[in-house]
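Presented below is the structure to which this report refers.
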Amino acid sequence: MRTGKLNRNDSAEEDPYSESMRESIKKVEETREERLEKEVDMMDPDERDEVLNNFHPDYKEEGMRSLKVGPNRGDEMPLELADLLEAYPAVDPSEVDLTKVDYEVDVLVIGGGGAGTVASLWAIKEGIDPEDVLIATKLRHGDANSMMAQGGIQAADRENDSPAAHFLDVIGGGHFANKPELARALAKDAPEILNWHEDLGVMYDKNEDGSMKTLHGGGTSRKRLHSAKDYTGMELMRTIRDEARNRDVPVVEFSPAVELLTDSDGTITGALLYNLETDQYYVVRAKSVVMATGGFGRLHIQEFPTTNHYGATADGLVMAYRAGANLLDMDSVQYHPTGAAFPEQIVGLLVTEKVRGSGAIPVNREGDAFVYNLEPRDVEAGALIRECYGRNNGVETPTGMKGVWLDTPMIDILHGEGTFEDNLAYIHRLYTRFRIDPTEDPLLVFPTLHYQNGGIEINDEGRTAVEGLFAGGEVEGGVHGKNRLMGNSLLDYNVFGKRAGIAAAKRARETGWGELTLDHAKKYTDQLDNAGVDEKRKSPMLVPEYRGEETLSRSIDVL
Amino acid sequence: MLDKPETETLEIFIMGKKYEVPRGLTIMKAMEYSGYQYIRGVGCRGGFCGACSTIYRLEGDYKLHTDLACQTTVQDGMYLTQLPFTPAGRKQYDLEELEISNNPLLDLYPELARCVSCNTCTKTCPQDLEVMDFVNEAIRGNVKEVAELSFDCIQCGLCAARCPAEIPHHHVGQLARRIYGRYQAPESEHLKERVEEINNGVFDDELEELVNLPEEELRERYENREIES
Amino acid sequence: MRDIAYYPGCSLKEAAKSFEDSALKVSEEMGVNLKELSRWNCCGTVYSLTDDNLMKQLGPIRNLIRARDEGSDELYTLCSMCDNTLKRANSLVRGEEDKRDKINNFMDQENDYEGSVEVHHYLELLRDDLGWGEVRDRVVNPLEGLNVAPYYGCMLTRPKEIGLDDPHDPTVFDELVESLGGTPVDFPYETECCGSYNTVDNEEMVLNKTQTITAGAKKSGADVIITACPLCHFNLDSRQSDLLEVAPNHKPVPVIYFTQLMAIAFGYPEVNKFAEHAIDPREVLELKTKAGSER
Ligand SMILES: Cc1cc2nc3c(=O)[nH]c(=O)nc-3n(C[C@H](O)[C@H](O)[C@H](O)COP(=O)(O)OP(=O)(O)OC[C@H]3O[C@@H](n4cnc5c(N)ncnc54)[C@H](O)[C@@H]3O)c2cc1C
Ligand code: SF4
Ligand code: SF4
Ligand code: FES
């Protein structure tokens, strides 16, 4: 940083790393030269299976249970999610008046992140008047996982690459559980999407001749990861948001959807919004509804910290499930191998895979490399957990967390001084704020809850099985099977945001508005009653609860 | 595995009201610890979105500091408030219709000329950007320099809130980046060619074959695929 | 090649690009490299000239600090507005201790500034440093028969304490024109204000001024007018073409930067980009000078 002002956290000169951490860093430094010379071998399929079975959190039986109600009855999924799906509507259907309609639109988009914004732009391109579109979102427009992506977006645009090669990587990475037609759409639309971004003025990293700078990501057979420094998500999100603002797309902020509305046949006819600031509800009548509420990191599955934004609380899954949507692959959750494990203030935040892609290698307490740096995410994460808890070779932090080193100083040694700061500006800033210089010292990392691999089932037009309901982005499932590869979810929100937006617009042109009821929620409530679900359990969650225990234990409701 | 704060505590003043919180938390977590449940003032929790703009002063000092609540550790005697919204004006424009021969930045934001070079914006910026420099580049019409210098802007609006000339720096930066990306950055030929190939159906048969392949065969192709080094 | 620290100012990067281009070229010819400060901001002209608010002195002073921090004790300007603004801020720092302290206190991230940098206009370089002989030696196309009206405007000579020439009877342009082989013509409005920023909201006033000045020059027999100020240039050139719409009988005179005139005499007319001028000077220059205006 030029003005060196960022070291504002604590004026103290003292070493942020503890003494024992510093000792271990010495060992890392000693072995660095060897590492620069010799790569670690990739695991063979048997070892991969062993790592996954014994150490990946998805394989921990006590973390899962099967659903008793709804379309996915009998399916295993994380407890935290199951508890939200099997919960009573947060809004009591008998308390709202659906006869007074606040918004009447062609296309309602729920979620103002990447998928939602893309859907709105393409609905407009498809001929819907911007006035007849509405984005309802929980926080501000763009406060979303989409804003946070660092590493990049995949697209097979280079000569040695092809959509077919991309498709194979997607399917193999997803353990062949993907819906093939969705993986095809993803790979085939990718170059067109990047081209659209270029027209919107996105500043991708390029060589002087205009060719794209690309890197490998975990599980890719070609270098096809495109980035904008390590602010790729931000550059995309703020650009499409700016375009939506230029196109006058109406957005209501701090007004999450809390329930879908249906007619008596179960067709989606609108949604109920809740103004978080005034406690008021709004009734929206819409011809098509696009669900684009993103993921569920803030459920802290198995108590993992998360990379996700504050609003990633599975609301879309909850609402759609009650309305009859089928969910896919909810038993697989993506833990990103390298979340920050130190310092305490930033635990769980992402250290992008681009760091490993640029040559930094995970190293244990003794300074030994123990895993190839670009295994598929689930395997890499399992290997880190094995190193810390299976082999007890992790480094312990002063607050008792464990992690392994990511040997970041290797990057400038490999690619020249300044590479790290130029290409990984976010990570550099994240750590220098806490007086750790990643070009001098390694970073301590541990897996962190990152991505919802599965979600609402859609077809390749972004339609769900529920009439009138469309979905795009992290909330839907089937595209990535059981494991999403890096750079494919920015792509996902663009491809399926677009497809859902177009399909929603088409439906809106062909249909009229329907009647507004909460019948589906009442029916679901009956099923919950029959299954004996705890009545106190309510959903959607909307925001996570982080208030101090002391406060909560003494909180009373007077107003 | 969630944060376990250390036990040592310190005193902070949230909008003037005193709370005791454990040492080593971010401002954001300290406010939550104190009992605030965020609606405004939080977004990504990771230094990307600029929702958590915070102004603080340390006891005994006159200086007002600015930073991000999710990225800043609480200190003893911190007087703080959040500034989750800045009503800085943003101009509508159509990127395709923009007259870019002249100085589009100054055309849309004539208030740029009011800059007195006080450097307050640069001092304010939690991302440590050279904000005053990009304002000056904007006055001169150097779109590329503005785009590059403002690239890491998280649009928190703190600079705009403190600028005596009432310049909406972050909106100017956004405009410059889009103009640069759209009109000035070198074009990517291979991308355009690939799009054309796809539109001409060049890959359709191959994809159709893969989509219909039984899992066994797909698996085999995957295991044996060639990997670029 | 000798490096001298150079402050361009915003106009020279925009509307007055040919002012800078021609200056860089003729300087190179004389063995001087105008080395642009690596970081600089707007001189602050509009504000710092018009009131007493210290805030508005920060811009010019910050530029002087940057020149000093880059190791220069002299700083050269081309735009007479910037020249004026920087010099006035400098003399404020030098002369008024309390204001200097306030400014230094406010700029708490910079080292204090006491007025150590000397600001010069490019014309001072020619006259006082290189000397007219140096200029004369580089002339390959003497401007014989060309009648040039030297238009000083306000900024080069006023106020007296910082002006580079006699405010009532300046001669530096005349000396330059003679050195280039041309003929300076005497005309009554050489230090008349062009209307300056009134061009933004009082166009009529500026049109009147423009008419007086350009018609006066024409009457005195001028073929072209020279200036050192981008704003004067805009008013006299662009506004003159506006004037032609309301006063079709007006006889236009082209207005060019003095460095463009030098470029013609030095044999580099191609840097001038005269096609961008509202009143195209090419015809008259071609008629009058052997060099022509563009090769
Ligand atoms: C730190 C991080 C790094 C990442 N890096 C990469 C990467 O390098 N490459 C890559 O391809 N992917 C990456 N990802 C994943 C990718 O960013 C996301 O999967 C993708 O952006 C999701 O887009 P989305 O629009 O579906 O969801 P989001 O962008 O999260 O948008 C959902 C929006 O809906 C809002 N919302 C939630 N509930 C409601 C409700 N009830 N009502 C209304 N609105 C609601 C949310 O607040 C949010 O604004 C990363 C993710 C994270 C968190
Ligand atoms: S705060 Fe405003 S006036 Fe001051 S330098 Fe920045 S843009 Fe200029
Ligand atoms: S430039 Fe302004 S809006 Fe952008 S990050 Fe810095 S202070 Fe925030
Ligand atoms: S919450 Fe997004 S930057 Fe702090």
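The values are calculated or read from the model by the stated rules, or taken from the named source; none is laboratory data. What you see is a predicted model, and the numbers here were worked out from it, not measured in a lab. Using ideal geometry, Cβ is built from the backbone for each residue, glycine included, and neighbour counts are taken over all protein chains shown.
Here's a check for you: in segment A:132-159, which residue that is more than 10 Å from chain B (Cβ to nearest Cβ) and either within 16 Å of ligand 2 (Cβ to nearest atom) or assigned to a loop (DSSP other than H, G, I, E, B) (or both) is farthest from A:Val289 (Cα to Cα)? Going through the qualifying residues, I end up with A:Gly151.
Residues checked against (1) within 26 Å of the chain's Cα centre (by Cα); (2) hydrophobic (A, V, I, L, M, F, W, C); (3) surrounded by fewer than 16 Cβ atoms within 10 Å (Cβ to Cβ):
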{"residue": "A:Leu79", "(1), (2), (3)": "yes, yes, yes"}
{"residue": "A:Pro89", "(1), (2), (3)": "yes, no, no"}
{"residue": "A:Thr99", "(1), (2), (3)": "no, no, yes"}
{"residue": "A:Leu108", "(1), (2), (3)": "yes, yes, no"}
{"residue": "A:Thr117", "(1), (2), (3)": "yes, no, no"}
{"residue": "A:Ala123", "(1), (2), (3)": "yes, yes, no"}
{"residue": "A:Glu126", "(1), (2), (3)": "no, no, no"}
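If the requirement is being of a type in the set (S, T, N, Q), away from ligand 2 (no atom under 16 Å from the Cβ) and within 14 Å of chain B (Cβ to nearest Cβ), which of these qualifies: A:Ser539, A:Ser555, A:Ser489? Please lay out each step first, then the result.
Numbers: A:Ser539 fails: within 14 Å of chain B (Cβ to nearest Cβ); A:Ser489 fails: within 14 Å of chain B (Cβ to nearest Cβ).
Just one listed residue meets the conditions, A:Ser555.
Given segment B:177-229, what helices (runs of 4 or more DSSP H) lie entirely inside it while holding 3 or more residues that are within 39 Å of the chain's Cα centre (by Cα) and within 27 Å of A:Asp199 (Cα to Cα)?
Numbers: elements: B:189-199, B:204-211, B:215-223.
Where helices (runs of 4 or more DSSP H) fall fully within segment B:177-229 and carry at least 3 residues being within 39 Å of the chain's Cα centre (by Cα) and within 27 Å of A:Asp199 (Cα to Cα), they are B:189-199.
Residues that are of a type in the set (Val, Ile, Thr) and modelled with pLDDT under 95 were ranked within segment C:28-79; the one that is farthest from C:Pro230 (Cα to Cα) is C:Thr50. Within segment A:64-102, the set of residues being assigned to a loop (DSSP other than H, G, I, E, B), polar (S, T, N, Q) and not assigned by TED's automatic domain parsing to the domain that holds A:Glu259 comprises just one member, A:Asn72. Scanning segment A:374-396 for residues that are modelled with pLDDT under 95 and within 14 Å of chain B (Cβ to nearest Cβ) turns up A:Leu374, A:Glu375, A:Pro376.
Starting from residues that are in contact with a Gly (Cβ under 6 Å, 6 or more places away or on another chain) and not in a loop (DSSP other than H, G, I, E, B), keep the ones in segment A:170-182 and report whichever is farthest from A:Arg298 (Cα to Cα).
Keep residues of segment A:170-182 that are in contact with a Gly (Cβ under 6 Å, 6 or more places away or on another chain), which gives A:173-175, A:177-179, A:182.
So of that shortlist, the ones also not in a loop (DSSP other than H, G, I, E, B) come out as A:173, A:182.
Working: A:Gly173: 25, A:Leu182: 27 Å.
Among those that are in contact with a Gly (Cβ under 6 Å, 6 or more places away or on another chain) and not in a loop (DSSP other than H, G, I, E, B), it is A:Leu182.
Inspection of segment B:47-55 finds no residue satisfying the criterion of being outside any loop (DSSP other than H, G, I, E, B) and more than 28 Å from the chain's Cα centre (by Cα). Residues in segment A:443-498 that are acidic (Asp, Glu) and either within 14 Å of the chain's Cα centre (by Cα) or not in a loop (DSSP other than H, G, I, E, B) (or both): A:Glu457, A:Glu474, A:Glu476, A:Asp492.
Considering segment B:101-117, and only residues there that are away from every other protein chain (no Cβ under 11 Å) and assigned to a loop (DSSP other than H, G, I, E, B), the residue that is farthest from ligand 3 (Cβ to nearest atom) turns out to be B:Ser101. Checked against (1) part of a loop (DSSP other than H, G, I, E, B); (2) under 29 Å from A:Thr306 (Cα atoms), B:Leu80 passes all but a single condition, namely (1).
Looking at the structure I just gave you, is A:Leu424 of a type in the set (A, V, I, L, M, F, W, C), at pLDDT 95 or above, more than 16 Å from ligand 4 (Cβ to nearest atom) and closer than 30 Å to A:Ala183 by Cβ? In short, yes.
Screening B:Ile39, B:Ile27, B:Ile14, B:Ile55 for residues that are at pLDDT 95 or above and within 16 Å of ligand 2 (Cβ to nearest atom) leaves exactly one candidate, B:Ile55. Here A:Gly311 fulfils each of the conditions (1) within 27 Å of A:Leu384 (Cα to Cα); (2) crowded, with 24+ Cβ neighbours inside 10 Å; (3) within 16 Å of ligand 4 (Cβ to nearest atom) apart from (1).
The residues of segment B:37-55 that are more than 13 Å from ligand 4 (Cβ to nearest atom) and either buried (at least 21 other Cβ atoms within 10 Å of the Cβ) or facing chain A (nearest Cβ under 7 Å) (or both) amount to a single one, B:Gln37.
Could you name every one of the helices (runs of 4 or more DSSP H) located completely within segment B:118-161 that has at least 3 residues being over 17 Å from the mean Cα position of the chain (by Cα) and either of a type in the set (Ser, Thr, Tyr) or at the interface with another protein chain (Cβ under 10 Å from one of its Cβ atoms) (or both)?
On the way: elements: B:120-124, B:131-139, B:143-149.
Passing ranges, in order: B:131-139.
The lone criterion from (1) in contact with a helix residue (DSSP H, G or I) (Cβ under 6 Å, 6 or more places away or on another chain); (2) within 14 Å of chain B (Cβ to nearest Cβ) left unmet by A:Leu349 is number (1). Return only the number of the condition from (1) modelled with pLDDT of 95 or more; (2) within 14 Å of chain B (Cβ to nearest Cβ); (3) not in a loop (DSSP other than H, G, I, E, B) that A:Leu528 does not satisfy. Answer for A:Leu528: the failing condition is (2).
For segment A:357-383, what are the residues that are in a helix (DSSP H, G or I) and under 15 Å from A:Leu444 (Cβ atoms)? None; the set is empty. Every condition in (1) away from every other protein chain (no Cβ under 14 Å); (2) in contact with a Leu (Cβ under 9 Å, 6 or more places away or on another chain) is met by A:Gly359 except one, and the failing one is (1). Residues in segment A:157-184 that are closer than 22 Å to A:Lys482 by Cβ and surrounded by fewer than 24 Cβ atoms within 10 Å (Cβ to Cβ): A:Ala164, A:Ala165, A:Leu168, A:Gly172, A:His175, A:Phe176, A:Ala177, A:Lys179, A:Pro180, A:Glu181. Summed over segment A:82-128, the residues that are at pLDDT 95 or above, hydroxyl-bearing (Ser, Thr, Tyr) and within 16 Å of A:His520 (Cβ to Cβ) give a count of 1. Of all residues in segment A:289-325, those satisfying the criterion of being away from ligand 1 (no atom under 12 Å from the Cβ) and farther than 27 Å from A:Leu430 by Cα are A:Tyr321, A:Arg322, A:Ala323, A:Gly324, A:Ala325.
From the list A:Phe167, A:Phe176, the one residue that fits, being at the interface with another protein chain (Cβ under 9 Å from one of its Cβ atoms), at positive phi and among the aromatic types (Phe, Trp, Tyr), is A:Phe176.
Whenever a residue of segment B:110-138 is within 14 Å of B:Pro164 (Cβ to Cβ), its partners that are aromatic (Phe, Trp, Tyr), lying with C-beta atoms within less than 7 angstrom and at least six residues away or across chains, give the pairs B:Val116/C:Tyr47.
Touching a Leu at 6+ places or on another chain (Cβ under 7 Å) and either more than 7 Å from chain B (Cβ to nearest Cβ) or of a type in the set (Ser, Thr, Tyr) (or both), is that true of A:Asp205?
Working: touching a Leu at 6+ places or on another chain (Cβ under 7 Å): no; either more than 7 Å from chain B (Cβ to nearest Cβ) or of a type in the set (Ser, Thr, Tyr) (or both): yes.
Against the criterion (touching a Leu at 6+ places or on another chain (Cβ under 7 Å) and either more than 7 Å from chain B (Cβ to nearest Cβ) or of a type in the set (Ser, Thr, Tyr) (or both)), A:Asp205 does not qualify.
For segment B:56-100, filtering for residues that are away from ligand 4 (no atom under 16 Å from the Cβ), within 11 Å of chain A (Cβ to nearest Cβ), surrounded by 12 or more Cβ atoms within 10 Å (Cβ to Cβ) and within 30 Å of B:Tyr180 (Cα to Cα) leaves 5.
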